Amino acid sequence: ISIVTDQVQGAFCITLVALVSLFVLSTFNRPLPADFGPLGAQLSSSNPVGQASLVVMPLSLIAATTFSEALWQRVWAAESPAALRFGGVVGGCAVSVVIFLFGFAGFLAAWGGLVDQEQDNPNLYLVQVLKGGAARVDGAARVDSWMGVAVLVLAATMNESALDSMQNGLAAGVAACFPSARGLLLPRCTVLVATVVLLFLALQDLEVLSIFLVSNLLCTASFLPVLLGVSPAPLALRLLTEASLVGSMGFSISSVTLFGVVANWSAERGFGGNVVHGAWFAWVGNGYAAEYFLVAVGASALFLALSAAATLAGVGRRDSS
């Protein structure tokens with residue numbers, strides 16, 4: 001069922017891309033400065049946010065995809081390895097094109113002076129490009145056209161795939177971890193409780209990017225041992241143990257927290273205040289700073305390397321004796 005709903009949402013995505021592209025081509029007539037206007041400084045190679053994105057985006061997306069039930073569902077459902085590789089290549093190319101078009105729409109809006117970076121929500125930059133011929137209106141970005149409403153409706157519909165995949169993955173995980181619980185009652189109740197919690201969080205005044213930051217950092221701290229565990233190499237399976245899996249994740253999470261505390265230490269806050277503030281900054285408030293993601297993946301890799309060395313040393317001693 002999930003794959004079918006994803007196919008429907010894929011059709012919605014194609015419709016959305018086509019509508020936005022045609023609408024922008026026919027209505028956008030803003031002047032585009034040769035020096036990129038307000039974007040000129042941000043396009044410089046010395047822009048720290050841009051530099052951080054080169055590290056954070058690949059790491060966080062690869063790590064999050066590793067834990068995505070949607071990915072493994074397609075792996076298991078593939079008719080053959082050849083079909084899996086073909087679908088992966090085609091899907092990857094299609095996703096790259098769609099993401100570029102969405103990103104370029106926001107870039108075009110900012111280039112044309114339709115974005116106020118101090119007031120506008122970055123998630124609404126795409127909506128701003130739909131005002132192609134209008135003058136910039138003071139205030140936050142807002143939806144004020146039928147096309148903007150259509151974009152939001154289609155985007156919300158497509159976003160259901162994320163919740164759908166999460167629910168299926170959670171139900172499958174609960175059923176696998178508790179095989180003694182016969183039937184579907186326990187997985188269904190677990191999914192219901194998780195959905196209620198998500199609904200409660202959705203009604204809070206929380207920044208979406210900060211919520212994703214927590215999950216992206218957790219995935220970055222945990223994905224290396226998972227990838228090692230699904231590797232077909234016999235040596236990888238020998239080196240990965242339950243202890244190294246849990247230890248790698250725990251060491252990485254602790255390292256990120258400690259790094260946040262040390263990097264933001266202030267004598268004015270006291271020990272307890274520094275620990276709370278540092279932990280909050282490391283996991284919620286760092287604004288996707290590259291160093292926190294590097295610490296997460298580096299600490300995980302270091303623990304796995306030390307664990308592997310210890311395992312090989314133990315095997316060597318047993319063989320020599």
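The values are calculated or read from the model by the stated rules, or taken from the named source; none is laboratory data. Remember, it's a predicted structure, so these values are computed and weren't measured experimentally. Here the Cβ is made from the backbone with ideal geometry for all residues, glycine too, and neighbour counts use every protein chain on show. Each accessible area value is taken on the protein alone, full model and side chains, heavy atoms only, with ligands, DNA and RNA left out. Shrake-Rupley method; radii C 1.70, N 1.55, O 1.52, S 1.80 Å.
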Given (1) at pLDDT 70 or above; (2) crowded, with 17+ Cβ neighbours inside 10 Å, index of the condition D164 fails: (1)
Subset of segment 224-236 (residues that are among the β-branched types (V, I, T) and outside any helix (DSSP H, G or I)): V230
Restricting segment 91-108 to residues that are touching a helix residue (DSSP H, G or I) at 6+ places or on another chain (Cβ under 7 Å) and of a type in the set (G, A, S), the residue that is surrounded by the most Cβ atoms within 10 Å (Cβ to Cβ): A105
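For (1) exposed (fewer than 13 other Cβ atoms within 10 Å of the Cβ); (2) part of a helix (DSSP H, G or I), each residue gets a yes or a no:
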position	(1), (2)
S222	no, yes
R238	yes, yes
V246	yes, yes
S255	no, yes
L258	no, yes
V261	no, yes
S266	yes, no
W283	no, yes
A296	no, yes
W111, sole failed condition from (1) farther than 29 Å from G229 by Cβ; (2) in contact with a Leu (Cβ under 9 Å, 6 or more places away or on another chain); (3) open to solvent by 60 Å² or more (accessible area, probe 1.4 Å); (4) at pLDDT 85 or above: (3)
Selection count where residues are at pLDDT below 80 and either assigned to a helix (DSSP H, G or I) or open to solvent by 80 Å² or more (accessible area, probe 1.4 Å) (or both), scope segment 204-218: 5
